[in-house]
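The values are calculated or read from the model by the stated rules, or taken from the named source; none is laboratory data. Keep in mind the model is a prediction, meaning the values are calculated, not measured. So basically every Cβ, Gly included, is an ideal-geometry build from the backbone, and we count neighbours across all protein chains shown.
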Amino acid sequence: MEEHFPGQKTLAALQRGIPYFKNGLRFNEAVKESASRGFRSVRQIVIDRAEGDYVWDLDGRRYIDFQNGWATNPLGNCHPEILEAVERANRQYGFHYDHPLRYDLAERLARIMPNEALPRTNYEVSGTEAAEAAVHLALTHTKRRYVVTFGASYHGNSIAGKLLSGLGDDSTRYLEAWSGGVIRAPYPFSEDVPAGLSQDQYIDFCLWHLEHEISATMVSREEIAAVLLEPGLAEGGNWIPTRKFVRGVREICDRNQWLLISDEVLTGLGRTGKMWGIQHYDVTPDILVYGKNLSGGIAPLAGISARDDILGDVELFSSGSTFAGSPAGCAAAIKTLEIFERDGVINHAASLGEIAQEIMADWEKYSIVRQVRNSGLLMGVSFNKSAFTDPDAEHWWSSRAVRGEMLQRGVWAISDHEDTIRLYPALNMNEETLREGLEIMETAIKEVENGAAIEGNGTAFPTGVAGF
Ligand SMILES: Cc1ncc(COP(=O)(O)O)c(C=O)c1O
């Protein structure tokens, strides 16, 4: 293992960014905090090249890619057939609104919707816009003013996206005056279950709160348009809901004439081993939101699909920005779905998910591991503080440290604002690569558990570089 990580070219590139980007670097705050507590700094890389299951940094080091462009490369990096389809679309159509690929894709999307019950589509560029569009559609369709969302959910980073999300951090500070229409409901987490309640009772409590407490203390049930649910709260820490909860939410929506919106920007299009995450629960939503994987990892495309009676005859609903449904985005999506079908990609993802589940099944034996939370290839591990952690350190320190050790050993994963490491392998990842990546992750967990990530223990880390 080389002495300095990241290497000199990567460090030089990161240094170049310091005067220009927010806080200098993505993890700058965490870096400073780590340094002040004597921990090894947060590791960061800059990509030089990406191909298939791997990325390479500017110093030529190769990494198994579990980061996956934040879960946007369903077929691995730079899939040649998608690149070709996108290039062909660009050459043929340039950028225009009306082109045949919009229609081809709409037909395909209608065919893959749960129970083929959501035939109408509206294209967007990003998942954020799509989540907002779904909410606007629900409000204008029902002529009601409120939407219910859950704690730890994530629906985007625009102003409305922040307000719809339930990340519980400072993301909505100074936006308080804008948030009148969003009601945040408790979500039954599989950790931090309130004292005295079983997991099952906690779910019952959350369902009761949704159906009764909101209307008793906040707004009347006739004013609620929809419930916005992620069938796997990915960004908020990979929380996987139970069947009882998701089916319970559907039943409550039905009893109260609320629409159920399934935000599948991350869980959708194979990530959980089924086409849509909500299909694990045998539930059909009224509106479905998607993005990320639809891009094939090459050209952005997102959208919503809805029931015929909801999107077939709208009065006030409008959405879709300039680049929504671009020829390149539609070409990427069509080719991605074609390859899914041709190569049985979702079945492959489901079997990789089972292999991963088997490998990770006993990881809770490590004192720093709290919970393994997987649904197909939506994979996450939450962490406790390590015995070596400064008692005042933030909870997420162990996850950052493990993620750093993984990176140093050649595996790239996500750990941003939560105490969880999230892994999103490509759906067509080679089985051996998946196994190797998880083996390296387990080694990293053991290293952190044994104190290897404290400054001065193990590999020296370069100092004197701003931000590192
Ligand atoms: C469930 C969910 N909704 C919406 C979004 C926002 O999507 P985008 O970043 O493409 O705007 C995300 C992004 O991670 C997401 O996970």
When you look at THR322, is it away from the ligand (no atom under 16 Å from the Cβ), of a type in the set (Val, Ile, Thr) and more than 15 Å from the chain's Cα centre (by Cα), yes or no? no
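Would a scan of the stretch 174-182 turn up a residue that is within 16 Å of the ligand (Cβ to nearest atom), touching a residue at least 24 places away in the same chain (Cβ under 8 Å) and surrounded by 17 or more Cβ atoms within 10 Å (Cβ to Cβ)? If you could, list the steps in order and put the result at the bottom.
To start, the set of residues in the stretch 174-182 that are within 16 Å of the ligand (Cβ to nearest atom) comprises 182.
Then keep just the ones that are touching a residue at least 24 places away in the same chain (Cβ under 8 Å); that gives 182.
If we keep only those that are surrounded by 17 or more Cβ atoms within 10 Å (Cβ to Cβ) too, we end up with 182.
Yes, the stretch 174-182 has at least one match.
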Options SER326, SER321; residue that is surrounded by fewer than 20 Cβ atoms within 10 Å (Cβ to Cβ), farther than 18 Å from ARG111 by Cα and of a type in the set (Gly, Ala, Ser): SER321
May I ask you to say which residue of TYR93, TYR123 is closer than 30 Å to SER179 by Cα and in contact with a Ser or Thr (Cβ under 9 Å, 6 or more places away or on another chain)? TYR123
Answer yes or no: is there a residue in the stretch 152-167 that is away from the ligand (no atom under 15 Å from the Cβ) and of a type in the set (Gly, Ala, Ser). no
Checklist (1) surrounded by fewer than 20 Cβ atoms within 10 Å (Cβ to Cβ); (2) within 16 Å of the ligand (Cβ to nearest atom); (3) in a helix (DSSP H, G or I) applied to GLU338, failing item: (2)
Test ALA226 against the stated conditions and say whether it is assigned to a loop (DSSP other than H, G, I, E, B) and among the aliphatic types (A, V, I, L, M). no
Breaking point among (1) closer than 21 Å to LEU266 by Cα; (2) surrounded by 24 or more Cβ atoms within 10 Å (Cβ to Cβ); (3) modelled with pLDDT of 95 or more, for MET441: (1)
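Does the stretch 106-117 include one or more residues that are in the same structural domain as GLY236 (by TED's automatic domain parsing), within 16 Å of the ligand (Cβ to nearest atom), at pLDDT 95 or above and charged (D, E, K, R)?
Here is the first cut: in the stretch 106-117, the residues in the same structural domain as GLY236 (by TED's automatic domain parsing) are 106-117.
Filter again for within 16 Å of the ligand (Cβ to nearest atom), leaving none.
No; the residues of the stretch 106-117 include none that is in the same structural domain as GLY236 (by TED's automatic domain parsing), within 16 Å of the ligand (Cβ to nearest atom), at pLDDT 95 or above and charged (D, E, K, R).
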All conditions in (1) surrounded by fewer than 24 Cβ atoms within 10 Å (Cβ to Cβ); (2) closer than 27 Å to TYR154 by Cα are true of LYS365 except (2)
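Residue-wise test of (1) surrounded by fewer than 23 Cβ atoms within 10 Å (Cβ to Cβ); (2) touching a Cys at 6+ places or on another chain (Cβ under 9 Å).
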position	(1), (2)
LEU58	yes, no
THR72	yes, no
GLU81	yes, no
HIS99	yes, yes
ALA133	no, no
HIS136	yes, no
VAL147	no, no
TYR154	no, no
ILE159	yes, no
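Return yes when GLY94 is away from the ligand (no atom under 16 Å from the Cβ) and touching a residue at least 12 places away in the same chain (Cβ under 8 Å) and no when it is not.
On the way: away from the ligand (no atom under 16 Å from the Cβ): yes; touching a residue at least 12 places away in the same chain (Cβ under 8 Å): yes.
Judged against the criteria, GLY94 is a match.
Can you find a residue that is modelled with pLDDT of 85 or more, crowded, with 21+ Cβ neighbours inside 10 Å, among the hydrophobic types (A, V, I, L, M, F, W, C) and closer than 19 Å to ILE421 by Cβ anywhere in the stretch 36-54? So that I can check it myself, show each step before the final result.
Start the filter on the stretch 36-54 by keeping residues that are modelled with pLDDT of 85 or more, which leaves 45-54.
Pick out the ones that are also crowded, with 21+ Cβ neighbours inside 10 Å and you get 45, 53.
Narrowing the set further to residues that are among the hydrophobic types (A, V, I, L, M, F, W, C) leaves 45.
If we keep only those that are closer than 19 Å to ILE421 by Cβ as well, we get 45.
Checking the stretch 36-54: at least one residue is modelled with pLDDT of 85 or more, crowded, with 21+ Cβ neighbours inside 10 Å, among the hydrophobic types (A, V, I, L, M, F, W, C) and closer than 19 Å to ILE421 by Cβ.
Could you tell me whether THR267 is outside any helix (DSSP H, G or I), closer than 21 Å to LEU118 by Cα and within 16 Å of the ligand (Cβ to nearest atom)? Before the answer, list the steps.
Values: outside any helix (DSSP H, G or I): yes; closer than 21 Å to LEU118 by Cα: yes; within 16 Å of the ligand (Cβ to nearest atom): yes.
It is true that THR267 is outside any helix (DSSP H, G or I), closer than 21 Å to LEU118 by Cα and within 16 Å of the ligand (Cβ to nearest atom).
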In the stretch 341-376, residues that are in a helix (DSSP H, G or I) and not small (Gly, Ala, Ser) total 17
Output the residue which, of all residues in the stretch 270-309 that are acidic (Asp, Glu) and in a loop (DSSP other than H, G, I, E, B), is nearest to the ligand (Cβ to nearest atom). ASP286
Of (1) within 23 Å of TYR146 (Cβ to Cβ); (2) part of a helix (DSSP H, G or I); (3) of a type outside the set (A, V, I, L, M, F, W, C), GLY180 fails just (2)
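Looking at SER386, SER398, can you tell me which residue is in a helix (DSSP H, G or I), at pLDDT below 95, of a type in the set (S, T, N, Q) and in the same structural domain as ILE440 (by TED's automatic domain parsing)? First the steps, then the outcome.
Details: SER386 fails: in a helix (DSSP H, G or I).
When all the criteria are applied, what remains is SER398.
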Condition first: within 16 Å of the ligand (Cβ to nearest atom) and modelled with pLDDT of 95 or more. Now tell me which residues in the stretch 138-151 satisfy that. ALA138, VAL147, VAL148, THR149, PHE150
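Please go through the stretch 205-237 and give me each residue that is charged (D, E, K, R), within 16 Å of the ligand (Cβ to nearest atom) and at pLDDT below 95, ordered by number. Show your work before the answer.
If we filter the stretch 205-237 for residues that are charged (D, E, K, R), which is where we start, we get 211, 213, 221-223, 230, 235.
Narrowing the set further to residues that are within 16 Å of the ligand (Cβ to nearest atom) leaves 230, 235.
Within the stretch 205-237, just GLU235 meets the criteria.
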